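Chemist: Have a look at the structure that comes next, please.
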Amino acid sequence: MLEVYDADAYLGDEAAMDAAETQVVAGNGYHLYLLSLQPDMKVRMTIRIWDTPPTPPAEAEGHTDVSLESETGVLVVGQLDRGPADEITLPRPGVFVGHAWWQNRQAAADYYNTTLDQLTDDSPEDQLTEAWNSCPVTERYVLDLGYTRELEPLDEDDL
């Protein structure tokens, strides 16, 4: 499970994670979860900021509308069980809306499962690592977002 969240808003959300199990991408406004079908191979995550997000490409396997609030203007990208991998500085803090779309999700999962099925007890130890590094497709997730507005001021009663 991949995740994208504001640097100050790392609050796990079980309902959003559960929703990603069926929707591929789900969130709670502050935290997005993206579900890969394989846990070990590298994936590519791209976050692009637009004035107006473009329509997802026709070759995308799937897509969904997303929104993400960033109080700090810094988004953290990571893998749920392995922690942060990178940070992205947004042009400014605020509310961003757009689309998440993905490619090669199923093809990477198929390669992953086929590779595991072909392993034997006699397979060399490094064969699995070599197979993951040699995957013929790159699983890719893209967030195309556009700034829509400033964040609502916090009500002192909410503190």
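The values are calculated or read from the model by the stated rules, or taken from the named source; none is laboratory data. No experiment lies behind these values; they were computed from the predicted model shown. Here the Cβ is made from the backbone with ideal geometry for all residues, glycine too, and neighbour counts use every protein chain on show. What goes into the accessible areas is simple: the full protein's heavy atoms, side chains included, and nothing from ligands, DNA or RNA. Shrake-Rupley method; radii C 1.70, N 1.55, O 1.52, S 1.80 Å.
Chemist: Could you state the principal axis extents of the C-alpha atoms in segment 1-89, from the largest down, to the nearest angstrom?
Modeler: Cα extents, longest axis first: 34, 33, 25 Å.
Chemist: Nearest 0.05, what FRET efficiency do E14 and E130 give at R0 = 25 Å with Cβ-Cβ as r?
Modeler: 0.10
Chemist: When each pair of different Cα atoms in segment 101-154 is counted once in the 1/r mean, what is the Kirkwood radius in angstroms, to one decimal?
Modeler: Mean inverse Cα-Cα distance, inverted, gives 14.2 Å.
Chemist: Still on this structure: Got a sec? Which residues in segment 25-60 would a label at T138 touch, if it sits 7 Å along Cα→Cβ and we count backbone N under 17 Å?
Modeler: Taking a point 7 Å out along Cα→Cβ of T138, the residues of segment 25-60 whose backbone N falls under 17 Å are 41-48, 57, 59-60.
Chemist: Along the three principal axes, how long is the chain when you take its alpha carbons, biggest first, rounded to the nearest angstrom?
Modeler: That works out to 63, 35, 26 Å along the principal axes.
Chemist: Further, regarding this structure: Specify which residue in the list T22, Y111, L32 is farthest towards the positive end of the charge dipole of the chain, using unit charges on the beta carbon of Lys, Arg (+1) and Asp, Glu (-1), about the Cα centre.
Modeler: Y111
Chemist: What is the chain's relative contact order, in percent, from Cα pairs under 8 angstrom and six or more apart in sequence?
Modeler: 29 percent
Chemist: Which value, in debye to the nearest 20, describes the size of the charge dipole of the chain about its Cα centre when Lys and Arg Cβ atoms bear +1, Asp and Glu Cβ atoms bear -1, and nothing else is charged?
Modeler: Charge dipole of the chain: 740 debye, to the nearest 20.
Chemist: Please give the per residue accessible area of the chain, computed with a probe of 1.4 Å over protein heavy atoms only, in Å².
Modeler: Here the per-residue accessible area is 59 Å².
Chemist: Among DSSP beta bridges lying fully in the chain, give the percent that are antiparallel, nearest 5.
Modeler: If we restrict to bridges inside the chain, about 80 percent are antiparallel.
Chemist: Quick check: residue separation of D51 and S67 times 0.36 nm, minus the Cα distance between them. What number comes out in nm?
Modeler: Residue separation times 0.36 nm, minus the Cα-Cα distance, leaves 4.3 nm.
Chemist: Cα axis of helix 14-23 to longest principal axis of the chain: angle in degrees, 0 to 90, nearest 10?
Modeler: On a 0 to 90 degree scale, this one is about 60.
Chemist: For segment 61-131, how big is Rg over Rh, using alpha carbon atoms and the Kirkwood form of Rh?
Modeler: 1.16
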